[in-house]
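Please read the structure below before turning to the comments.
The values are calculated or read from the model by the stated rules, or taken from the named source; none is laboratory data. These numbers come from a predicted model, not from an experiment. Because the Cβ atoms are built from the backbone with ideal geometry, glycine has one as well, and the counts that use them run over all protein chains shown. When the accessible area is computed, the model is the full protein with side chains, heavy atoms only, and any ligands, DNA or RNA have been set aside. Shrake-Rupley method; radii C 1.70, N 1.55, O 1.52, S 1.80 Å.
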Amino acid sequence: RMESQTRLAALGPGIAAATSFALSDVFSKVVLNAGSDVLTLSTFRSVFSLVVLWIWLQLRPPAVPHTPRQRWISLGVGVLFAGIVFGLFKAIQLVEVSVSVLTYFIYPLFTGIVGAWIGIDRLGWRGAIAAVVAFLGLALIVGAHPGTIALGGLSFAFGAAILRTAVLLITRAALQ
């Protein structure tokens, strides 16, 4: 019984993040359909996220400070994240949003392959097939039409996907 409670408590951050993300997207659509502008919505989402994060931090025991190595790794991951945001926005500027997003969302496949290659994760044939099917499903959902595509836009989205893969693997390997 105690072990199952510990496992459930370990899932808390993931459940809180998924719930917050889902509610944020649903409420965003409601607010935009009601006539709000993007700046107001973006400001509200940011403030709401900060409040949720502050509440979460109040409920948890104090964090253990990072070592100097972990601090430098975290700063490097932050720089990579800035590259992800820049690359994705630049891709959206150059090609259709659906094509940009579809290209960027190849990162789970990259993460699985590179993670297995360097020994962080295992990737069996079932996982590989699931990743490919999920990617194809995403292509159907976003309705990507690869008509006249600017290679620069694809390059930025592809680069953002590579950076995202690096962030996920570095975080997993070095910041457990």
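Matching residues to (1) open to solvent by 40 Å² or more (accessible area, probe 1.4 Å); (2) over 25 Å from Ala16 (Cβ atoms); (3) among the polar types (S, T, N, Q):
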site: Pro65; (1), (2), (3): yes, no, no
site: Ser74; (1), (2), (3): yes, no, yes
site: Ser100; (1), (2), (3): no, yes, yes
site: Trp125; (1), (2), (3): yes, yes, no
site: Leu136; (1), (2), (3): yes, yes, no
Discussion item. Against the definition (under 22 Å from Leu154 (Cβ atoms), of a type outside the set (Lys, Arg) and over 16 Å from the mean Cα position of the chain (by Cα)), how does Leu109 come out, yes or no?
Written reply: no
Item to complete: Select, from Pro61, Pro108, the only residue that is in contact with a helix residue (DSSP H, G or I) (Cβ under 9 Å, 6 or more places away or on another chain) and of a type outside the set (Val, Ile, Thr).
Response: Pro108
Worksheet item: Are any of the residues in segment 113-130 at pLDDT 85 or above and touching an Asp or Glu at 6+ places or on another chain (Cβ under 8 Å)?
Response: yes
Fill in: Whichever residue in segment 31-67 is touching a residue at least 12 places away in the same chain (Cβ under 8 Å) and of a type outside the set (Phe, Trp, Tyr) and, among such residues, is nearest to Gly12 (Cα to Cα)
Val52
Fill in: Residue that is modelled with the lowest pLDDT [pool: residues in segment 19-29 that are open to solvent by 60 Å² or more (accessible area, probe 1.4 Å) and of a type outside the set (D, E, K, R)]
Phe21
Item to complete: Scan segment 36-55 and give yes if some residue there is over 18 Å from the mean Cα position of the chain (by Cα), modelled with pLDDT under 85 and part of a loop (DSSP other than H, G, I, E, B), otherwise no.
Response: yes
